[in-house]
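Asks: Structure in structure tokens, see below.
The values are calculated or read from the model by the stated rules, or taken from the named source; none is laboratory data. Remember, it's a predicted structure, so these values are computed and weren't measured experimentally. Because the Cβ atoms are built from the backbone with ideal geometry, glycine has one as well, and the counts that use them run over all protein chains shown. Accessible surface is based on the protein model in full, side chains and every heavy atom, while ligands, DNA and RNA are left aside. Shrake-Rupley method; radii C 1.70, N 1.55, O 1.52, S 1.80 Å.
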Amino acid sequence: MPCPRTPVHLLTPAFLLLGIYLLTRGTLFAILPALVALDLAWVLRPRPASFPPETRPLTRETAPHLFALLDRIGAEVNAPRTDIVAVSGEVNASAHAYGRRRRPVIEIGYPMWLILTPQERIALLAHEMAHSSNGDSRHGFIVGSALHSLAVLIDVTRFDWREGDGVARLFAECLLALVGLPVRGLRVAMELLLHRSSQRAEYRADELGVRAAGTSAMITLLDTTTTRTPSAISFLETSALTAKPENLWTALRAAVEAIPAAELDRRREAARSEELRWDSTHPPTYLRMDRVAALPHQEGRVPAETAGEAIDRELGAVALHVAQAIRENARSALYR
């Protein structure tokens, strides 16, 4: 079944032509719909993806040891050369492309980095970098930009009228909501068609990551996502305002290390009750662990020493800025 990405990319010229046509009608009742159509065409115009917001950039000049590691991992998983890293406050890591030239960027969540062993860090980076070479359509320009356009259009067409906004605003919001109905249907259809391929891409990224980091490191990394990362996320949600930025990372690591072994086992058991969902982009983590364990055992081709203290110092250079950004975001959330 063909993916409905082509109609998505035709929305911009379609709205533009519709707006121009309605304006040429020259009637009073056509002006407002024409302006709405032209506005939607402007919102959905092709735009390059921006650099990940609220992150601190690192380059080859400021972090030579980190980029030497990325080059070595990239050679193992056949990933393109990366010349910039974005350090964020997320308990995660990801791979993106930004700018008109779609330059690759690796986003490293500093909290996630802190709670991993050196070999698990290699597994994390290898998995994310492998998405650029494992056939994951979500990371491609065509599908990725189509999903972004649909997300923007759904946000724009959300009904947002409130008492006191006036009749004209009510009419405009109703019109936008009607336009948004088929868009939401198209988004659901596209997501459903992509979920199965996205799940396969996750398995493939794990397999490629094993080549760089080794079987044991990939399994323990996946285990961490169900046992230790929930505590890291909870700690940041509750302590971002109370802990001083300069003490945040030490306190985070201490909180994660203090998790009782019995609690870790309970979380592992609970994770195994998760069912495989056809509408999820990621398979259950325990299935990914079982898939990796079933592969022929491999030792990592990239040794743990390459993700050691030198890289910690390079990332630590922006750690305080990341902690301050987390604190500011927590403060802002209080007033929303």
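Asks: Quick one: THR215 ticks every box in (1) free of Cβ contacts under 8 Å to residues at least 12 places away in the same chain; (2) buried (at least 17 other Cβ atoms within 10 Å of the Cβ) except a single one, so which number is it?
Replies: (1)
Asks: Next question, about the same structure. With LEU32, LEU70, LEU23 as the choices, which residue is open to solvent by 80 Å² or more (accessible area, probe 1.4 Å) and part of a helix (DSSP H, G or I)? Before the answer, list the steps.
Replies: On the way: LEU32 fails: open to solvent by 80 Å² or more (accessible area, probe 1.4 Å); LEU70 fails: open to solvent by 80 Å² or more (accessible area, probe 1.4 Å).
On inspection, the qualifying residue turns out to be LEU23.
Asks: Does any residue in region 238-253 that is aliphatic (A, V, I, L, M) come within less than 6 Å, Cβ to Cβ, of a residue that is in a helix (DSSP H, G or I) and open to solvent by 40 Å² or more (accessible area, probe 1.4 Å) six or more places away or on a different chain, and which pairs are these?
Replies: Between residues of region 238-253 that are aliphatic (A, V, I, L, M) and residues that are in a helix (DSSP H, G or I) and open to solvent by 40 Å² or more (accessible area, probe 1.4 Å), the close pairs are ALA240/ARG327.
Asks: Considering VAL77, VAL91, which residue is modelled with pLDDT of 90 or more, closer than 20 Å to VAL302 by Cβ, in contact with a Gly (Cβ under 9 Å, 6 or more places away or on another chain) and buried (at least 21 other Cβ atoms within 10 Å of the Cβ)? Let's see the steps before the verdict.
Replies: Working: VAL91 fails: closer than 20 Å to VAL302 by Cβ.
Checking each option against the conditions leaves just VAL77.
Asks: Of the residues that make up region 222-239, is at least one farther than 29 Å from ALA201 by Cα and of a type in the set (A, V, I, L, M)?
Replies: Yes - at least one qualifying residue is present in region 222-239.
Asks: Of all residues being of a type in the set (Lys, Arg) and touching a residue at least 24 places away in the same chain (Cβ under 8 Å) in region 314-336, which is farthest from GLU246 (Cα to Cα)? Just the residue, please. Quick ask: steps written out before the conclusion?
Replies: We begin by selecting, within region 314-336, every residue of a type in the set (Lys, Arg); these are 327, 331, 336.
Then keep just the ones that are touching a residue at least 24 places away in the same chain (Cβ under 8 Å); that gives 327, 331.
Working: ARG327: 11, ARG331: 17 Å.
Here the residue is ARG331.
Asks: Looking at SER133, SER149, SER145, which one is modelled with pLDDT under 80, assigned to a loop (DSSP other than H, G, I, E, B) and not acidic (Asp, Glu)? Explain how you work it out, then say what you get.
Replies: Values: SER149 fails: assigned to a loop (DSSP other than H, G, I, E, B); SER145 fails: assigned to a loop (DSSP other than H, G, I, E, B).
Of the residues listed, the single one that is modelled with pLDDT under 80, assigned to a loop (DSSP other than H, G, I, E, B) and not acidic (Asp, Glu) is SER133.
Asks: While we're here: Return a yes/no flag: does region 285-297 have any residue that is open to solvent by 60 Å² or more (accessible area, probe 1.4 Å), in contact with a Ser or Thr (Cβ under 6 Å, 6 or more places away or on another chain), in contact (Cβ under 8 Å) with a residue 40 or more places away in the chain and outside any helix (DSSP H, G or I).
Replies: Taking every residue of region 285-297 in turn, at least one turns out to be open to solvent by 60 Å² or more (accessible area, probe 1.4 Å), in contact with a Ser or Thr (Cβ under 6 Å, 6 or more places away or on another chain), in contact (Cβ under 8 Å) with a residue 40 or more places away in the chain and outside any helix (DSSP H, G or I).
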